[in-house]
1. Looking at the range 194-222, which of its residues are open to solvent by less than 10 Å² (accessible area, probe 1.4 Å) and near the ligand (Cβ under 10 Å from one of its atoms)?
2. Go through the range 133-154 and give me each residue that's open to solvent by less than 30 Å² (accessible area, probe 1.4 Å), farther than 20 Å from residue 307 by Cα and not β-branched (Val, Ile, Thr).
3. Quick one: in the range 260-282, which of the residues that are among the hydrophobic types (A, V, I, L, M, F, W, C) and buried (at least 19 other Cβ atoms within 10 Å of the Cβ) is nearest to the ligand (Cβ to nearest atom)?
4. Would you check which residues across the range 244-256 are among the aliphatic types (A, V, I, L, M) and surrounded by 20 or more Cβ atoms within 10 Å (Cβ to Cβ) and list them?
5. Given (1) within 16 Å of the ligand (Cβ to nearest atom); (2) open to solvent by 10 Å² or more (accessible area, probe 1.4 Å); (3) closer than 16 Å to residue 80 by Cβ, where does residue 236 come up short, assuming only one miss?
6. Would you tally the residues in the range 145-182 being more than 14 Å from the chain's Cα centre (by Cα) and either farther than 21 Å from residue 299 by Cα or of a type in the set (D, E, K, R) (or both)?
7. Please find, among 294, 225, 231, the residue that is open to solvent by 10 Å² or more (accessible area, probe 1.4 Å), within 13 Å of the ligand (Cβ to nearest atom) and touching a Ser or Thr at 6+ places or on another chain (Cβ under 7 Å).
8. Among the candidates 264, 326, single out the residue that is of a type in the set (D, E, K, R) and closer than 26 Å to residue 85 by Cβ.
Amino acid sequence: MTILVTGGLGFIGSHTIVELIEQGNDCLIIDNLSKSTVEVVQRIETVVQKKVPFLQVEMLDKEALRDVFRAYNISSVIHFAGYKSVGESIERPLLYYQNNIISTLNLLEIMQEFNVKKLVFSSSATVYGDENWPPLKEDLPLSAPNPYGRTKLMLEEILCDFVTANFGWSVALMRYFNPIGAHKSGELGELPFGAPNNLMPHILKVASGEKNSLKIFGGNYDTKDGSCIRDFIHIMDLADGHVKALQYIEKNMGCEAFNLGTGRGYSVLNLIHTFEKVTGEKVPYEIVDRREGDIVVSIADVQKAETSLGWKAKYRLEDMCKDSWRWYQTIGALSIK
Ligand code: UD1
């Protein structure tokens, strides 16, 4: 039996594939290569030391997706494929609604056709919106501040409606906090396509001297040092969370959300200083205006993932910084434009 991993060449997908294979599972990667490159397949193979099947498939093409299910004996799906840039989603909302929603609807339809009823879905802590106060617990009221976030929120609702209407299904909605870090081999990491939006890729560019200084968006928030606070989580912990979620839905029916975070918050300045300490590189920065739409503090409540999935984040902030830097020096700098 094969686990289908959609968007399996992206940042979270590629690390999850490694974790799945190392824990003895057979996987098939599909990806349309719109935000990744086929070289990631070889890098995954270098890490796991075996061949990993990959197909370039556009999930908006229902027939192409059906062919995948015809060709492989698929038992469950981990669905990562989707666009994730907040800024782009504000400029091109239809692109986001079309791509993220329609591809998932196609997937559900085909899964139903082939009687595959287990799905782990890549959601985001962005669904907690900006009204809740941390630690953020799975049963809080949800809202989303931008089209990207709304695609995640709508899909969570669509998936739960679908599970309610169809007996025997189990769906896990994984709400990620702030994934950083990279595989310890240096082979895999975050490869943003185009200008990066997230914090760590910017830190890497400044530390390597490609950029003069990091812009910190806001230094007068109501926090200890004035910068925003995030629950940074190592990508390998996140990957392991998916394997645990898959094991959970093997045994439990229904539609359930799980936070994947560490339960600890660090400020943007904390992250920069930790990075400087463990890598020995300087990260010059300047404080600029706040970025519109940023929430001040985002920290996961991790109780549910711990008790239900038997999962707990292991890596420390120091490891996240060290591993990100190793990846950037090995491969990332060559690839991040
Ligand atoms: C962002 C998205 C979120 C999405 C997540 C995906 C926004 C408002 N939120 O989360 O919806 O799910 O990415 O990974 O875009 N920062 C700087 N300088 C930079 C970059 C970031 O100071 O050059 C700060 C931000 O203001 C923020 C923190 O670093 O306080 C983390 O930013 P980022 O990595 O973009 O993640 P989020 O904003 O938490």
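1. Once the filter is applied, which keeps residues that are open to solvent by less than 10 Å² (accessible area, probe 1.4 Å) and near the ligand (Cβ under 10 Å from one of its atoms), the range 194-222 yields 200, 201, 203, 206, 214, 216, 218.
2. Selection gives 144, 146, 147, 148, 149, 152, 153.
3. 268
4. Within the range 244-256, 245, 246, 249 meet the criteria.
5. (1)
6. Qualifying residue count, the range 145-182: 21.
7. Going through 294, 225, 231 in turn, just one is open to solvent by 10 Å² or more (accessible area, probe 1.4 Å), within 13 Å of the ligand (Cβ to nearest atom) and touching a Ser or Thr at 6+ places or on another chain (Cβ under 7 Å): 225.
8. Sole residue among the options that is of a type in the set (D, E, K, R) and closer than 26 Å to residue 85 by Cβ: 326.
The values are calculated or read from the model by the stated rules, or taken from the named source; none is laboratory data. The shown structure was predicted, so the numbers you read here are calculated from the model rather than taken from an experiment. Methodologically, a virtual Cβ is constructed for each residue, glycine included, from the backbone with ideal geometry; neighbour enumeration extends over all protein chains shown. Please note that ligands, DNA and RNA were not included when accessible areas were found on the heavy atoms of the full protein model with its side chains. Shrake-Rupley method; radii C 1.70, N 1.55, O 1.52, S 1.80 Å.
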